[in-house]
Amino acid sequence: MSDTERYAPALEVRDLTRAFGVRKALDGVTIDLPERAFLSIFGPNGAGKTTLVKVLTSLLNPTSGTAKVLGLDVVNDAVEMRQRIGLISHNPLLYPDLTAEENLLFFAEMYGIEKPHVRVAELLEAVELDHRKLDLARTFSRGMLQRLSIARALLHEPEVIFLDEPYSGLDPHAMDILDGLIAQIRARHTFVMISHDLDKGLELCTHALILAKGRVVLFEPREALDVARFRETYRATVGMGVA
Amino acid sequence: MASLSWRQFRAMLKKDIVMELRTKEMLMSMGLYSLLTMVVYFVALSQAGSAFDPRDIAAGLLWLAFIFTSMLGLNRSLVHEKDQGCLEALLLSPVDRPVIFFGKVTGNLIFLLAVEALTIPVFAFLFLQGETVEVSSLAFVPLVLLAGSIGIAGVGTLLATMSVNTSGKDFILAVLFIPLAYPLLLGTVTATGAAIVGGPDAMHAFWAGMAWVLGYDVIMLLASYGLYEFIVGA
């Protein structure tokens, strides 16, 4: 039995288009991803990877087409959907003038988490920042900020986790922590990761997607993937330029 | 969901206040600008001698200063969110967009009122010393300050959200905000002027101005509430 048959779809994207003026950042994207899958998205700069994630996380509205995450429409059911997704970006998305603990407590309130202090303490320990919880985020290194950002994204135990180049700028220790956290929750969650690192992306994924000029160039389950052909296709898209 | 919205609103407000008390960026820039404006007014008008009654122009001077001062703070309040990508994290949380709007409006309102509370005694000291004012009508000034500031914070927050993504955000905010604030300015100046000058018709003029201000507040807050989701998702 394939993944698609075992689990309900985590992503159902149909003919999704997002335009900025006359330029189409996404152009007729259609993909299905089962729950608990790990989708790695590859493509050159400007291919539409971040736009796709922004539409799927309801940060941007689609121009046309539909997208559902866990069966919830990204436009009409956005508030309910946001309760069930998390985003780890290369940008930490944290307030520099709040302490690590204040940042997490703020987002815990935004997600309506019961016993926020307990959950925040758990996560600060998990990302090894409990000893720095009273320090302002602006005093943190890039790696520490990214660890705190991981804690922020996991606060509400999301079912689908979007990762936008999460390893970018991380030191080896922070990479290990992120790998460890992903491994811990891998079996129970769906992941959608944007990556420029082919080896890392292919190592983690159950499905691989190559976007170029806002269009799907390749979308296949990992088990059906011919890695040599995939690398060749990826190299060819890098020269295709932006949408 | 209503209680979650309330929790989210309180968390946003607390976060903005804690950050502002820590950095004092908005309060310092707005407060200093407002005080400097009073000094400039004083120097400029000191040449006029006793040719005019300062009470006649006091309301106009005050609200002009508040309008320009507010633009400094309005821009800063959204730049904080945008520069660090925090607005994205906020928009990712299961929060209704109007809760974000009202959280930001309330924060901006508090900071604006704080600056007004600092500015008015300075203004009174510089311009109204020795002038005859009716204490009974003067007591209505806080009412118009509150109503006028709600209008400024409401429209200003919406426009600051629109302009924060543009390259010339300060310019864009000013170009959009000043024409839209014009009707509010008419009402606030009328009401504040009536409260300062006093006289037999003062209350009539005051409430006429206040009706204008309150009408503006209701219309603009409702319009901003309706448009906010569209603007942050555009």
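Summary of values
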item: Residue, modelled with the lowest pLDDT, within the stretch A:38-78, restricted to residues that are of a type in the set (G, A, S), under 25 Å from A:T233 (Cα atoms) and in contact with a helix residue (DSSP H, G or I) (Cβ under 6 Å, 6 or more places away or on another chain); result: A:G43
item: Single residue of A:L148, A:L155, A:L104 found to be modelled with pLDDT of 90 or more, buried (at least 21 other Cβ atoms within 10 Å of the Cβ), touching a Gly at 6+ places or on another chain (Cβ under 9 Å) and within 21 Å of A:T57 (Cα to Cα); result: A:L155
item: Odd one out for B:A174, checked against (1) farther than 20 Å from B:G60 by Cα; (2) at pLDDT below 90; result: (1)
item: Criterion: away from chain A (no Cβ under 12 Å) and in contact (Cβ under 8 Å) with a residue 24 or more places away in the chain - qualifying residue of B:L27, B:L36, B:L13, B:L32; result: B:L27
item: Residue check, B:Q84 within 14 Å of another protein chain (Cβ to nearest Cβ), in contact with a Pro (Cβ under 8 Å, 6 or more places away or on another chain) and of a type in the set (S, T, N, Q); result: yes
item: Those strands (runs of 3 or more DSSP E) lying entirely in the stretch A:20-111 with at least 1 residues within 11 Å of chain B (Cβ to nearest Cβ), touching a strand residue (DSSP E or B) at 6+ places or on another chain (Cβ under 6 Å) and closer than 26 Å to A:A208 by Cβ; result: A:85-89
item: Any hit, the stretch B:190-205, residues being touching a helix residue (DSSP H, G or I) at 6+ places or on another chain (Cβ under 9 Å), part of a helix (DSSP H, G or I) and closer than 18 Å to B:M30 by Cβ; result: no
item: Unmet requirement for B:E81, which otherwise passes all of (1) assigned to a loop (DSSP other than H, G, I, E, B); (2) farther than 22 Å from B:I196 by Cα; (3) among the acidic types (D, E); result: (1)
item: Residue tally, condition over 18 Å from B:M19 (Cα atoms) and either polar (S, T, N, Q) or within 13 Å of another protein chain (Cβ to nearest Cβ) (or both), over the stretch A:121-142; result: 1
item: Members of the stretch A:183-224 that are in a strand (DSSP E or B) and of a type in the set (A, V, I, L, M); result: A:V192, A:M193, A:I194, A:A208, A:L209, A:I210, A:L211, A:A212, A:V216, A:V217, A:L218
item: Positions within the stretch B:141-175 being more than 15 Å from the chain's Cα centre (by Cα) and not polar (S, T, N, Q), in sequence order; result: B:M162, B:V164, B:G168, B:K169, B:D170, B:F171, B:I172, B:V175
item: Qualifying residue in the stretch B:24-39 (condition: assigned to a loop (DSSP other than H, G, I, E, B) and over 16 Å from B:V122 (Cα atoms)); result: yes
item: Qualifying positions in the stretch B:91-107 - facing chain A (nearest Cβ under 7 Å) and aliphatic (A, V, I, L, M); result: B:L91, B:L92, B:V95
item: Checking B:R76 against (1) assigned to a helix (DSSP H, G or I); (2) away from chain A (no Cβ under 14 Å); (3) surrounded by fewer than 20 Cβ atoms within 10 Å (Cβ to Cβ), the condition it does not meet; result: (2)
item: The stretch A:42-56: number of residues that are in contact (Cβ under 8 Å) with a residue 40 or more places away in the chain, of a type in the set (A, V, I, L, M, F, W, C) and crowded, with 23+ Cβ neighbours inside 10 Å; result: 4
item: Filtered residues of the stretch A:171-187 (kept if at pLDDT 85 or above and under 30 Å from A:D226 (Cβ atoms)); result: A:D179, A:I182, A:A183, A:I185, A:R186, A:A187
item: The one condition in (1) over 16 Å from A:R36 (Cα atoms); (2) touching a Cys at 6+ places or on another chain (Cβ under 8 Å) that A:R222 fails to fulfil; result: (1)
item: Positions within the stretch B:154-171 being surrounded by fewer than 20 Cβ atoms within 10 Å (Cβ to Cβ) and under 17 Å from B:E81 (Cβ atoms), in sequence order; result: B:M162, B:N165, B:T166, B:K169, B:D170
item: Members of the stretch A:153-199 that are free of Cβ contacts under 8 Å to residues at least 60 places away in the same chain and among the charged types (D, E, K, R); result: A:E157, A:D171, A:D176, A:D179, A:D197, A:D199
item: Filter result (polar (S, T, N, Q) and surrounded by 14 or more Cβ atoms within 10 Å (Cβ to Cβ)) within the stretch B:133-153; result: B:S137, B:S149
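Let's see how each residue does on (1) of a type in the set (A, V, I, L, M, F, W, C); (2) in contact with an Asp or Glu (Cβ under 7 Å, 6 or more places away or on another chain); (3) over 23 Å from B:A11 (Cα atoms):
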| site | (1), (2), (3) |
| --- | --- |
| B:L87 | yes, yes, no |
| B:N108 | no, no, no |
| B:S163 | no, no, yes |
| B:T188 | no, no, yes |
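The values are calculated or read from the model by the stated rules, or taken from the named source; none is laboratory data. Quick caveat: nothing in here was measured; it's all calculated off a predicted structure. As a convention, Cβ positions derive from the backbone with ideal geometry for all residues, glycine included, and neighbour counts pool all protein chains shown.
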